[in-house]
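Trainee: Input: one structure, supplied below.
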Amino acid sequence: MSGTPSTTPPARRRVMIVEDETDLARVLKRHVEGIGCEVQLAATGEEAVALAKERFDLVLLDETMPGRSG
């Protein structure tokens, strides 16, 4: 029946935040978790590449990081 509401909760979105500024990364993480997402942080390009082996629905990427950037 198409009009019946689903009792299955929606899947939790997975988000990776790549940010080398610690305070900004924490604020972004708190806000994104506040809308019900699971968040993983990466502080360097190398950490981001390693985490990227997992599946994410969204990546918030700082493009101007030292070393390996966006």
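Trainee: Give Leu61, Leu24 a once-over and let me know the one that is modelled with pLDDT under 95, open to solvent by 70 Å² or more (accessible area, probe 1.4 Å) and either of a type in the set (A, V, I, L, M) or within 12 Å of the chain's Cα centre (by Cα) (or both). I'd like the intermediate steps shown before the answer.
Mentor: Details: Leu24 fails: modelled with pLDDT under 95.
One residue alone meets the criteria, Leu61.
Trainee: Scanning for something open to solvent by 80 Å² or more (accessible area, probe 1.4 Å), touching a residue at least 12 places away in the same chain (Cβ under 8 Å) and either out of contact with any Cys (no Cβ under 8 Å at 6 or more places or on another chain) or among the aromatic types (Phe, Trp, Tyr) (or both), does the range 32-40 turn up at least one residue? First the steps, then the outcome.
Mentor: Taking the range 32-40 first, the residues open to solvent by 80 Å² or more (accessible area, probe 1.4 Å) are 35.
From what's left, touching a residue at least 12 places away in the same chain (Cβ under 8 Å): none.
There is no residue in the range 32-40 that is open to solvent by 80 Å² or more (accessible area, probe 1.4 Å), touching a residue at least 12 places away in the same chain (Cβ under 8 Å) and either out of contact with any Cys (no Cβ under 8 Å at 6 or more places or on another chain) or among the aromatic types (Phe, Trp, Tyr) (or both).
Trainee: Also, quick follow-up: Within the range 25-39, does at least one residue satisfy the condition of being over 12 Å from Leu60 (Cβ atoms) and assigned to a strand (DSSP E or B)?
Mentor: Yes; the residues of the range 25-39 include at least one that is over 12 Å from Leu60 (Cβ atoms) and assigned to a strand (DSSP E or B).
Trainee: Let me ask you something else. Looking only at residues that are of a type in the set (Gly, Ala, Ser), in a loop (DSSP other than H, G, I, E, B) and out of contact with any Leu (no Cβ under 6 Å at 6 or more places or on another chain) in the range 40-70, which one is farthest from Arg12 (Cα to Cα)? Give the derivation first.
Mentor: As a first pass, look at the range 40-70 and keep what is of a type in the set (Gly, Ala, Ser): 42-43, 45, 48, 50, 52, 67, 69-70.
If we keep only those that are in a loop (DSSP other than H, G, I, E, B) too, we end up with 43, 52, 67, 69-70.
Next cut, out of contact with any Leu (no Cβ under 6 Å at 6 or more places or on another chain) only: 43, 52, 67, 69.
Values: Ala43: 23, Ala52: 18, Gly67: 32, Ser69: 28 Å.
Among those residues, the one meeting the criterion is Gly67.
The values are calculated or read from the model by the stated rules, or taken from the named source; none is laboratory data. These numbers come from a predicted model, not from an experiment. We place every Cβ from the backbone using ideal geometry, glycine too, and count neighbours over all the protein chains shown. Remember, those area values only see protein heavy atoms, side chains included, never the ligands or the DNA or RNA. Shrake-Rupley method; radii C 1.70, N 1.55, O 1.52, S 1.80 Å.
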